[in-house]
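Visitor: Pasting a structure below so you can have a look.
Values quoted throughout were computed directly from the atomic coordinates according to the rules given, and no laboratory measurement underlies them. Quick caveat, the model's predicted, so the values are computed rather than measured. We place every Cβ from the backbone using ideal geometry, glycine too, and count neighbours over all the protein chains shown.
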Amino acid sequence: MLSNDKVSPPDWITPMAERADLLQGTLDLLILKTLVLGPLHGWAISKRLRQLSDEVLDVGQGSLYPALYRLEDRGWIRAEWGTSPEAGGRRAKFYSLTADGRKQFAAERTQWRLFSTAVERVLKAT
Amino acid sequence: MHPAIRRTLRSIRAIAHRDTLEQELDEELRLHVALEAQELQRVHNLSPDDARRRALVAFGGIERYKEAHRDARGVRWLDELHQDVRYAARALGRSPTFTASAIAVLALGIGACTAVFSVVDAVVISHLPYPHDERLVQIYERNSPTNQWPLSVADFMAIAQWQRTFSDVGLLRQARAPVSTGGEPQRVSVGYATSGFFRALGVTPVVGRGLGAADDAPGAQPVAVVTHRFAVEHLGGDAAAVGRPVDVDGVAYTVVGVLDRRYTNLAGRTGEVWPDARLKPPERRGPFGLVVIARLKDGLTMDDAARDLARVSRREFVVWQASFQDRDATLVPVSLRRVMLGDAPKTIVLFSAAVVLVMLIAVANVAGLMLVRAAGRWREVSLRAVLGATRARIARLLVTESILLALAGAAAGIALGIIGVRVMRVVGPQVARLGEAHVHVRAILFAVGLAVVAGIIIGAYPVLHLARGGAGDGVLGGERSVGGTRSTHALRAAFVVAEFALALPLLAAAALLLNSFVRLQRVNPGFDPAHVFTVSVSLPSGRYADDTAISTYWTRALNNVRTVPGVVAAGVADQLPLSGGNLDANNFDLLDRPVPTGTAQPVTPWTVVTADYFTALGVRLLDGRMFTPSDTGGPNPVVIVSRAWAHKYFPDGTAVGRKMISGGCTTCPPSTVVGVVSDVTYTNLGDVPQGAYEPLTQGWGRTLALVVRTKGDPAAAIPGVSAALRSVEPSVTLADATPMAERFSASIADPRHAASLVAGFALVAALLAAIGIFGTLSYTVSMRRREIGVRLALGARRQAVTGMIVRRGMAHAALGAALGLAAALVATRWLTSKLFEVSPADPLTLGGVIAGLLLVALAASWAPARRAAAIDPAEAIRAELAG
């Protein structure tokens, strides 16, 4: 997700598994999905996404936080300060779904399924 | 809640709690990086430092994210400006040496420019303090494009009577006269004026009334207007002054008005007291020397006035044909602005050119420094780019930094400029209206504008480099690979070359002016200024109304003066050498070679003297004889001429015995040349020193100059001589008692000031060029440490390394000097009129300047070269491998 042109990765970064770029608009859906099970802070969201996608989807934080902000702005998620056990009890901002957010998630999931099925069909056609 | 309302509330909250939000955001991001690092450390077994570094990189675009966030808050631009300025200030604060030297260099340039701009503003741009000053003219008489002179009473009356193009015409006769308001009389500047003079200028007193047409009438009560300063110092203030009597040269005037405090002069002529000019009907066309000022009628042009005056001239010529035969002499209008500015524009152009060069060198210098600094900071800038700051943002940061630098330079420069204007007012050349120069709002705006332009130029290259996509490189290669790109090297060299090319013409101008000044100082004034002092002596008009009274006074006074201890000789003259422009001259016609009727007769400085004048001044007799007491005019008047006069009119060396008619007096007996004396410079040193003398036997003026030669220090004899002069007449007014040596040095004050000011600018320029070459070479040496280390390790001799660096510096300096020489050869031609006995392309002067500048370059190259030779090869190579 680093989109700086002309910057080659420094050699001390070990290449990880092939990564996929996210399709436009899918990030919101994925974030909402990670929050369905309960409140998470930013880093936990990105880790959950990596785990759930077997390290294929790696959301650059340059995209994650603006997206969180956007979702909060639209009223789909809500942010609250709490303490994070894995960070040794440091203050962390936890995001959780609002009622609107659940509805939005459901709607977007339906949309996505429609879309991906359609794409899959096209690709299967010979 | 409606989304729009929510967003608005959020925006308000964002602005109100900007710092809190920013902190929260920061905290959130920090936590993210910390957790990521913790994870990396666990999974990949990395050291905490490595883990953190990787986490940061993986995070990507902190800056960009923050900005996206701020964008949403709608306060981005204000935020960023604030941030840019804070960041720039911090960055500058981190390198105090660079910052201080850049500010100092810019302050020098901007300060010099501000000072000169203030002077230009006061002298050239600002209007004269009279309404519609573009319609004011001074009228002269002109008989050739190069010869014009002020008018006579006859001229003034002819104009006043016959002109049709002016709404007002006024006359002014300037004098220094004894003025008394009850106590001891003092010699002050006095301007006898007609009421039309005030009307034409449009000047009315702030208190009381001005001179009216009724005051011009013969037999009117004598009245005068005084300056604010005179009223305060002598008459107890503006209001108290009106109605008080003032005695000017024995005539009692009543003060009727006081001028506004800003009028210390009128039409450029100084005066404390302005009595009404009581004109008597003229008996002949001359004598000349009066200022006539006129105001053009609405809608008429200078050409209209010139035609009108030409018509008046033809009409007047017929009236005075008996005493004035120069048919070519025509009345001409000259714009008062031009009269008052005189030579000022040329002097000002010289200074402006000098400061523009200094400013350009300063900018080139700081731009060079900035390049060095930019190379050192490439890593930092690249890191910001990698962390997601956009290019535009980084560019703005860099420009903000240079503009901030330039503005700091401007602040210091304005302070320097204020001091500079004060200095120029004190030591500057005699330029009209220089005394009115101050650093005004316009000058401050000018300085700030200059700073912004300088800032943009200085910051331009790093930004352009960035735009070409260089920003990312720094992280990878470190500063070595980017700081030393070829284009940067070339540009840095170009800056150094430019500095030398700009400094050379300035140094050349300064050297030529100084050379010319030294020659001027060595000019033989035709007399021996050591052990001589002069004093101006004025007798009160009441008791000294005729020749007999005055000559009796002088016979007794001179006898007393000669008995004062230390006095060797004393003589009297109506004017003194080195008097500048205000000099009595006379026309004459040689009997052997008369000029054709209707053409102008030759003119020469004409001094009336007693016999002892030559002895007192130390003027030598070359041929014939001096004046004797028997030279009493009458039927056989005599004159003595100077060597240059004799050489000009009688090159075969037979001046003695020749006869001439002087002053166009066809009925007078001709005068005979009885002697030739050494040349004395009456106007300014460097002018042609010809002249003629007439014995002082009749027509004694009430104000004469006494010349006293002493055995020892002339200043020590002044009190004794003054007492001797007063012992004959206690109410005599003495003024300007000065040793001749001081007059001598005052007469070359202008060229001295011009030369020293330009020399000052030139020294600054040379210093800046030296700093430029020093900085660049130092940087080169530090960048090429490894290469030099390898060379040394491979057996290169240290002298060779020193030579390599010095050669590099000298190559730039020599190229710059060559370009500068070409420019100087073109530019200094313009100086010709300011130079005395020096050609503007004087090879010795220019050669000396080039040698001097190269020597400076050599000195500036030496230190970095020594440092290069002192590099320890092992250490340099090790450092390189480690880095």
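Visitor: Over chain B, what relative contact order in percent results from Cα pairs under 8 Å that are six or more residues apart?
Guide: 15 percent
Visitor: Between B:L506, B:F288, B:T845, whose Cα lies farthest towards the positive end of the dipole of the protein assembly as shown when Lys and Arg beta carbons carry +1 and Asp and Glu beta carbons carry -1, centred on the Cα centre?
Guide: B:L506
Visitor: Using a cut-off of 14 Å between beta-carbons, work out the net charge of the residues near A:G82 (Lys and Arg +1, Asp and Glu -1, A:G82 not included).
Guide: Working: positive: A:R78, A:R90, A:R91, A:K93; negative: A:E80, A:E86, B:E24, B:E27, B:E28.
So the surrounding residues net to -1.
Visitor: Provide the descending list of Cα extents for region B:133-341 along its principal axes, expressed in whole angstroms.
Guide: Here the spans come out as 51, 37, 30 Å, largest first.
Visitor: Which of the lysines could a cross-linker span from B:K297 if the Cα-Cα distance has to be under 30 Å and same-chain partners fewer than 8 positions apart are dropped?
Guide: The reachable lysines, counting only those whose Cα sits under 30 Å from B:K297, are B:K280.
Visitor: Can I ask one more? Enumerate the amide H contacts of B:L622 below 5 Å, restricted to partners 5 or more residues apart or on another chain; note that Pro and chain-start residues carry no placed amide H.
Guide: Here B:V676, B:V677, B:S678 satisfy the definition.
Visitor: What helices does chain B have that are whole DSSP H segments, at least 24 Å long along their own axis by Cα, and with mean Kyte-Doolittle hydropathy of -1.0 or more?
Guide: Going by DSSP H runs, the hits are B:18-44, B:76-94, B:96-120, B:302-319, B:344-386, B:391-427, B:441-465, B:486-522, B:749-783, B:798-827, B:843-869.
Visitor: Going toward the positive end of the dipole of chain B, with +1 on Lys and Arg Cβ and -1 on Asp and Glu Cβ, which of B:P864, B:V497, B:S833 do you reach last?
Guide: After comparing all options, I get B:P864.
Visitor: Related question: Could you name the lysines whose alpha carbon sits less than 16 Å from that of A:K47, not counting residues in the same chain fewer than 8 places away?
Guide: Of all the lysines, those that pass the test against A:K47 - Cα under 16 Å, at least 8 places apart if same chain - are A:K33, A:K93.
Visitor: Between B:A737 and residues 5 or more places away or on another chain, which pairs have amide H atoms under 5 Å apart, with H built 1.01 Å from N, and which residues are they?
Guide: B:S536
Visitor: Please average, across the residues of A:64-73, the number of beta carbons from any other chain that are within 10 Å of each residue's own beta carbon, and give a whole number.
Guide: Per residue, the number of nearby Cβ atoms from other chains is 4 on average.
Visitor: Compute the relative contact order of region B:541-730 as a whole-number percentage, counting only Cα pairs closer than 8 Å that sit 6 or more residues apart in sequence.
Guide: Working: 363 pairs, mean separation 64.8, N = 190.
So the answer I get is 34 percent.
Visitor: Then there is this: If we count other beta carbons within 10 Å of each Cβ, what is the order of B:M340, B:M370, B:M804, fewest first?
Guide: Going from sparsest to densest Cβ surroundings: B:M804, B:M340, B:M370.
Visitor: Dipole magnitude of chain B about its Cα centre, charges +1 at Lys/Arg Cβ and -1 at Asp/Glu Cβ only, in debye to the nearest 20?
Guide: Result for chain B is approximately 2880 debye, rounded to the nearest 20.
Visitor: For the protein assembly as shown, what is the calculated [θ] at 222 nm in deg cm²/dmol (nearest 500), taking -39500 (n - 2.57) for each run of four or more DSSP H residues and dividing by its residue count? Numbers along the way, then the final one.
Guide: On the way: 32 runs with 542 residues, N = 1009.
Computed ellipticity for the protein assembly as shown at 222 nm equals -18000 deg cm²/dmol.
Visitor: Using the 10 angstrom Cβ neighbour count as an exposure proxy, how do B:R752, B:R593 rank, fewest first?
Guide: B:R593, B:R752
Visitor: Sticking with this one: About its Cα centre, what dipole magnitude does the protein assembly as shown give when the only charges are +1 on Lys and Arg Cβ and -1 on Asp and Glu Cβ, stated in debye to the nearest 20?
Guide: Around 3040 debye, computed over the protein assembly as shown.
Visitor: Tell me which aspartates and glutamates have Cα within less than 17 Å of B:K346's Cα, excluding those fewer than 8 residues away on the same chain?
Guide: B:K346 reaches B:D121, B:D750.
Visitor: Restricting everything to alpha-carbon atoms, can you work out Rg to Rh for the protein assembly as shown with a Kirkwood hydrodynamic radius?
Guide: That ratio is 1.18, to two decimals.
Visitor: Where does each of B:361-367, B:831-837 land if you order them by average Cβ count within 10 Å, highest first?
Guide: On the way: B:361-367: 28.3, B:831-837: 16.4.
Going by the mean number of other Cβ atoms within 10 Å, highest first, we get B:361-367, B:831-837.
Visitor: Less than 13 Å Cβ to Cβ from B:Q148, Lys/Arg counted +1 and Asp/Glu -1: what total charge do the surrounding residues give?
Guide: Around B:Q148, the surrounding residues sum to -2.
Visitor: So between B:A823 and B:R86, what do we pick up on full extension, going 0.36 nm a residue minus the alpha carbon distance?
Guide: 261.0 nm
Visitor: Taking each residue of B:29-40 in turn, how many C-beta atoms of other protein chains fall within 10 Å of its C-beta, and what is the average?
Guide: 5
Visitor: For each of B:E134, B:E401, count neighbouring Cβ atoms within 10 Å of the residue's Cβ, then give the residues from fewest to most.
Guide: By the 10 Å Cβ count, ascending, the order reads B:E134, B:E401.
Visitor: Sort largest first and round to whole Å: the equivalent ellipsoid semi-axes of region B:541-730, each the square root of five times a Cα gyration tensor eigenvalue.
Guide: Square roots of five times the eigenvalues give 30, 19, 15 Å.
Visitor: Related question: Can you tell me the alpha carbon radius of gyration of chain B divided by the globular rule-of-thumb value 2.2 N^0.38 Å?
Guide: Taking the Cα Rg and dividing by 2.2 N^0.38 Å, one obtains 1.30.
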